[in-house]
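A short reminder: the numbers here are calculations on the coordinates, not readings from a lab. Values in this document were obtained by computation on a predicted structure and should not be read as measured data. Here the Cβ positions follow ideal geometry from the backbone for every residue, glycine too, while neighbour counts run over all protein chains shown.
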Amino acid sequence: MRIGLYARVSTHDQHTLPLQIEEMQKYVSHRQWTTTLQIEEIESGAKDRPKRDLLIHAARKRNIDVILVWRLDRWGRSASDLIMTLQELSDLNVGFISLKEALDLTTITGRAMAGLLSIFSQFERDILRERVKAGISHARKQGKPHGRPLSAAHKITQIKQLYDQGISKAEIARQLCIGRTSVRRFLQEEQFA
């Protein structure tokens, strides 16, 4: 098996990086696997993780068979990020192992756990969808605007005035902060009206 190791520490917790690497290398050695890629990242939890993306890219290219992490919180930025990346790895038939949580998605039990995680992820999305719908309904009842901002249709008279002054369609679009296509469409409709 070709393994990709991922170790991460925040800038405040840099002393565990050697510990993570050492424990993961022992695990790989014990299973008689081969470490193909070893990623070490020092980033806080909320930020993007560009080096982690390199590992995911290697998984997409089928350069690794399994990703090994020390703990789940080292891998995922949030619960939804964790679930999404685990689902992607599962779809790619790339295993995922977290040492401290004893989560091994290369086993039947681990895949069952991943299935449960995906169910909870869908549940979370459904709850969010219901909250958004309720919020929109509440806003409508109170007469508050929501959705897309007012369209360029509200600027028809300004478009006509500027065009009658001899200003080009591109300049009208720039001045009114709307698309040139909208300007052309309104002027064309005006000609056939």
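Laid out as a table, the results:
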quantity: Gyration tensor verdict on segment 75-148 (Cα atoms; rounded if a/c is under 1.5, prolate if a/b is larger than b/c, oblate otherwise); calculated: prolate
quantity: Axial C-alpha extent at least 20 Å, average Kyte-Doolittle at least 0.5 - helices from the chain (DSSP); calculated: none
quantity: Prolate/oblate/rounded label for segment 103-184 (Cα gyration tensor, a/c 1.5); calculated: oblate
quantity: Among Thr34, Leu103, Leu89 - extreme Cα towards positive end, dipole of the chain, charges at beta-carbon; calculated: Leu89
quantity: Check: the chain dipole with +1 on Lys, Arg Cβ and -1 on Asp, Glu Cβ, in debye; calculated: 800 debye
quantity: Order by protection proxy (mean Cβ within 10 Å, highest first), peptides 84-96, 167-179, 135-147, 63-75; calculated: 63-75, 84-96, 167-179, 135-147
quantity: Distance cut-off 11 Å, percentage of C-alpha pairs in segment 152-192 lying past it; calculated: 56 percent
quantity: Listed residues Tyr163, Leu128, Ile178: farthest to the positive end of the dipole of the chain (Cβ charges); calculated: Tyr163
quantity: Base-10 log of normalised Debye intensity for the chain (one unit scatterer per alpha-carbon) at q = 0.18 Å⁻¹; calculated: -1.12
quantity: Segment 71-176: relative contact order in percent, alpha carbon pairs under 8 Å with at least 6 residues between; calculated: 14 percent
quantity: Dipole of the chain [Lys/Arg +1, Asp/Glu -1 at C-beta], most positive-end residue of Trp75, His57, His138; calculated: His138
quantity: Added length on full extension, which subtracts the Cα-Cα distance from 0.36 nm per residue, Gln191 to Asp73; calculated: 36.3 nm
